[in-house]
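Report on one structure; see the data block that follows.
Derivation of every value follows stated rules applied to the coordinates shown; laboratory data play no part. What you see is a predicted model; the values in this text were computed from it and never measured. Backbone-built Cβ (ideal geometry, glycine too); neighbour counts: all protein chains shown.
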Amino acid sequence: MAIRAIERSVSVRASTKGFKVSLSRRVMTAFAWMFVLFSFLFVAAMFISIIGDVLIHAWPALTPKLLTDITNGIGGGLKNAIEGTMVMSVGALLLAAPIGIASGIYLSEHGHGGAGKMLRFLSDVLVGIPSIVLGYVGYITMVIYLGWQFSVAAGIITLTVMLLPYIARSTELAMANIPLAVREAGYGLGAGEGRVVLRILLPGAAPAIMTGLFYAVALSMGETAPLLYTAGWSNYMWNGHFTKEPIGYLTYVIWTFINEPFAESHMLAFAAAFLITAGVLILILIGRWLLVRGQRRMGAYR
Amino acid sequence: MKIPVFRVGLIATASFLPLSLIALIVFLAIYSWPAIHFNQFHFLWTNDWNLGNLYGNPVTVHGVQIMPGAKYGIWFLVVGTIVSSALAMVMAMPVAIGAAYFLSEGVRKSWAGPLSLFVDLLAAIPSVVYGLWGYALLVPLFGQTIFPFLANTFSFIPFLNGDPGSGYGLLTSAFVLAVMIIPLISATLRESIRMTEPELKEAGLSLGLNRLEVFWHITLPKLKTVLIGVGILALGRALGETMAVLMVSGNALNYLPNNIYAPISTMAAFIASQLDSALQDPTNMAVEALSEIALVLLLITVAVNIAARLLLWMARVR
């Protein structure tokens, strides 16, 4: 059907415009259209294939047992892993959000000089560093040198370093979208810089900053490589210690349990993949919805 | 003089970012110094990763303690990393451009929003889930059906013929990497296509070009810098990808691929998979050599990212 539509549009264009379009051009255009359509369908098909594959395999394993039991060597539930993923994502967010938001404020308010440009450049470079390298540095510094062993704190700090540049850049973009006149109005009324930023600019940029934070949490939930050698793995619930105490997390279950030769382990791996994918996608969608709603409610500065 | 407390606080917190980058490089360099000293430069282009006899007594070579027979060379990792990422780029680039065009100009605005969700959400799927998908769906499919077919059909083309393998390997890794980086390229390109001046497009249309020809002859050349910049950025992502590659690459050791179906390993995947065995080395040299791989990978990605960001800055894209 799509191809017929393309042919029609090509022939209509050729016949009504009053000049002739050569056959080779028409054929090339038709092929190009088919390729463009194929590209999009390919992307959509890959997305559906990933989600479908995970969902189909995970479906039989989605029982209440997942939430009530802890993992044993080859099966069981995922209670400890779900708890661990939450502890580390929330911990990383609590550490990274204040630092990231402050850096973002600095970048947008004072980032036009040389130092700001340098900082922005370095944070862009930091985004590109492979997460396994972050994990390895976390391993040699915190796990070995500081002697924390595989621990919650090492995992959280490694994730924090990974999230910082994302939060900083999304905050910067959110703040930069607020027009200069708003700042001038604040300073004109005699407010100091702190008051202008905290009372006027931050509330205005809040929806966009929140979206950035949701993206960051989604990112930290889905990471495996930086945690392999920092957080370790534990079959038990977290006992509240930050150092010398490994912790379980969902992404580890995916890549370890799929290598076990048991059907039960495979089902658990797919169940973990389903939970993590659903969690990430829901967070991203909530983030987008917050942005749209916030802009509708408060009005975007445009 | 009054000290601007708020601003000083901002500067202090903001300096965490560059400090952490510098700290990463410095810590890795210090930790891997014995390995760098022992391996020197032929580390990069010799093809011999061997932890030595782990049950022997450590011997002292060049002033550092190693296990007898230990050698560290990562040429197979360098080749695997670069070839898989390059192949992924070749596959991803046209599709990403096509999808970006489709979503920015190919469909009407009211459909473009919901349809772009496919691309945006694809970018958000965790890499380990990509790996699981590759492991559970692609590897059997490719190994049993597609690779034998390709090897038979294109048996006259070098690197496409030969043993189709088991499905774990270079082409599977490159395919998974391509699917991972398509949304990255596509999303930025989509925004840039929207930002292109409408006057340019109108000028092309008024000369009798159709929309696709306008895109191909006018918009795309205009966005060349953006395209290269985003491409290098995606390349950096592909070079450093760990989990997805680890699960579908076949984890080759000291083996150079002789066709595109052969098993490979990449630097990032190798670091993730080898630490457990490296910890068996009582002289700690194996762990330090892994840290040298991490340093090499870090420097490569930093260089790649700096190049991409400079290009994008010249094109004024954030």
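Here are the numbers:
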{"read-out": "Helix-derived mean residue ellipticity, 222 nm - over chain B, DSSP H n ≥ 4, -39500 (n - 2.57), to 500", "value": "-20000 deg cm²/dmol"}
{"read-out": "Within a Gaussian network of chain A (alpha carbon springs, distance under 10 Å), most fluctuating of A:43, A:143, A:196", "value": "A:43"}
{"read-out": "Helix runs (DSSP H) in chain A reaching 18 Å along axis by Cα, Kyte-Doolittle at least -0.5", "value": "A:2-16, A:23-58, A:79-110, A:114-127, A:152-176, A:202-222, A:263-298"}
{"read-out": "Linear extension gain, residue A:49 paired with residue A:121, 0.36 nm per residue minus alpha-carbon span", "value": "22.2 nm"}
{"read-out": "Phi-based couplings in Hz for segment B:36-45 (Karplus 6.51, -1.76, 1.60; Gly and Pro marked x)", "value": "4, 4, 6, 7, 6, 8, 6, 3, 6, 10"}
{"read-out": "Length added when fully stretched, residue B:86-residue B:30, from 0.36 nm per residue minus Cα-Cα", "value": "17.1 nm"}
{"read-out": "For chain A, built as a Gaussian network whose Cα springs stay under 10 Å, the top-fluctuating residue of A:230, A:160, A:68", "value": "A:68"}
{"read-out": "Farthest positive-ward along the protein assembly as shown dipole, Cα basis, beta-carbon charges - from B:227, B:278, B:104", "value": "B:104"}
{"read-out": "Those residues of segment A:183-224 whose amide nitrogen sits under 15 Å from the label point placed on residue B:5, 7 Å along Cα→Cβ", "value": "A:192-196, A:198"}
{"read-out": "Average silhouette area of segment B:75-314, convex hull of alpha-carbon atoms, in square nanometres", "value": "15.4 nm²"}
{"read-out": "Relative contact order of chain B, pairs being alpha-carbon contacts under 8 Å that are 6 or more residues apart, as %", "value": "25 percent"}
{"read-out": "Shape of segment B:1-123, Cα gyration tensor, a/c cut at 1.5", "value": "oblate"}
{"read-out": "Nearest 10 degrees, 0 to 90: helix B:109-124 Cα axis against chain B principal axis", "value": "0 degrees"}
{"read-out": "Rg to Rh quotient for segment A:65-298, alpha carbon positions, Kirkwood Rh", "value": "1.05"}
{"read-out": "Residue A:28 paired with residue A:56, simple spin-label distance in nm, labels 7 Å along Cα-to-beta-carbon", "value": "4.1 nm"}
{"read-out": "Of A:79, A:117, A:20, the one that fluctuates the most in a GNM where chain A has Cα springs shorter than 10 Å", "value": "A:20"}
{"read-out": "Gyration tensor (Cα) of segment B:166-260, equivalent ellipsoid semi-axes in angstrom", "value": "38, 13, 10"}
{"read-out": "Peptide-level mean, for B:88-100, of C-beta atoms on other protein chains within 10 Å", "value": "3"}
{"read-out": "Residues with amide H under 5 Å from that of residue B:52, placed H, sequence gap 5 or more", "value": "B:71"}
{"read-out": "Spherically averaged projected area in nm², based on the convex hull that wraps the Cα atoms of segment B:85-188", "value": "7.4 nm²"}
{"read-out": "Angle between chain B longest axis and helix B:5-14 axis [Cα atoms, degrees, rounded to 10]", "value": "70 degrees"}
{"read-out": "Expected-Rg normalisation [2.2 N^0.38 Å, Cα atoms] applied to the protein assembly as shown", "value": "1.02"}
{"read-out": "Folded to 0 to 90 degrees: helix B:224-240 orientation relative to chain B principal axis, Cα", "value": "30 degrees"}
